[in-house]
Structures are given as C-alpha cells and as structure tokens.
Amino acid sequence: MGDASLTYLRYLARRESTIQAGLAAVKTAVLITGGTAAALLTFIGHLATQKGSDQVKLLACPLLLFSLALLSVGVASGMTYLSERATLQGKGFFYKSASFFNIVAAACVLLAYVFYGWGAWETYEAFSKFPQGTGG
C-alpha cells in the first residue's frame with residue numbers, strides 16, 4: 001500500500017471519528033433540550049388547568065427558546081448526515097463540501113446550547129415573577 005493510500009485511510013478515519021463525535025453531541029443536545037421542553041410543556045399544561053393562571057404567558061418565551069434549541073439540533077443532525085454522505089461520495093463538489101456540513105453541524109449544536117442557556121435564564125426570570133405561597 002502506497003503512502004497516498006495510507007494518508008487517505010487516515011483521513012477517512014479522522015473524518016469518521018469527527019462525525020461520530022458530532023453525532024454524540026447531537027444526541028446529548030436532543031436529550032437535554034427535548035427533555036426540558038417536554039417538562040416545561042407539561043408544567044404549562046398543569047398551570048393552564050388552574051383557574052385564572054396568568055403564569056402560562058410568562059413561560060411562552062422559555063418554551064420558544066427550548067423549541068428553537070431542539071430545531072437547531074435537528075438541523076445539526078441533518079448536517080451530520082450530509083457530511084457523512086458527502087465523505088462517502090469520494091470526489092466532486094459534494095465531497096469537498098463535507099467539511100462545510102460538519103462545521104454547520106457543530107455551529108448548530110453550539111447554537112442549541114445558547115438557546116438552551118437563554119431559555120433556562122428566561123425560565124428562571126419567569127419563575128421569579130410567580131406569586132409566592134403563604135407557606136402556611
């Protein structure tokens with residue numbers, strides 16, 4: 001096997017490990033953002049069943065941010081697929097765009113965490129506006 005073949009095999013191995021790391025990041029982000037959005041939606045549903053609950057409106061922004069985080073993770077998942085598919089292409093424009101797809105996927109995961117952090121902050125702010133119980 002020539003040096004060029006070994007170099008190419010090493011490149012493919014690095015690409016594969018990068019894609020697998022990206023998939024792990026996407027799966028983690030899906031679990032975190034999806035679980036948080038589901039829990040918040042359940043809590044909003046509980047609040048909505050109570051009479052005169054104005055607190056539901058306070059949680060609209062955090063729910064939107066958690067949903068945007070989940071959407072961003074979905075885009076990252078698609079970009080990861082495109083990156084892997086482009087790598088398997090082996091030549092041409094689509095093959096050369098594999099790194100671009102990988103960078104977009106990483107950026108989308110980072111964006112998901114930004115949305116998640118922002119949503120967590122907005123949730124904290126919303127909860128701080130809830131009326132306090134009498135503690136009796």
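The values are calculated or read from the model by the stated rules, or taken from the named source; none is laboratory data. Given the structure is predicted, the values throughout are model-derived calculations rather than measurements. Cβ: placed from backbone, ideal geometry, glycine included. Neighbour counts: every protein chain shown.
Here are the numbers for this structure:
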read-out: Yes/no for SER53 being under 18 Å from the mean Cα position of the chain (by Cα), of a type in the set (S, T, N, Q) and either surrounded by 12 or more Cβ atoms within 10 Å (Cβ to Cβ) or under 30 Å from TYR11 (Cα atoms) (or both); value: no
read-out: Count of region 1-20 residues which are at pLDDT below 80, within 29 Å of the chain's Cα centre (by Cα) and among the aliphatic types (A, V, I, L, M); value: 2
read-out: Check on ALA48, closer than 16 Å to VAL114 by Cβ and modelled with pLDDT under 90; value: no
read-out: Helices (runs of 4 or more DSSP H) completely within region 25-96 that count 2 or more residues being touching a residue at least 24 places away in the same chain (Cβ under 8 Å); value: 55-58, 60-89
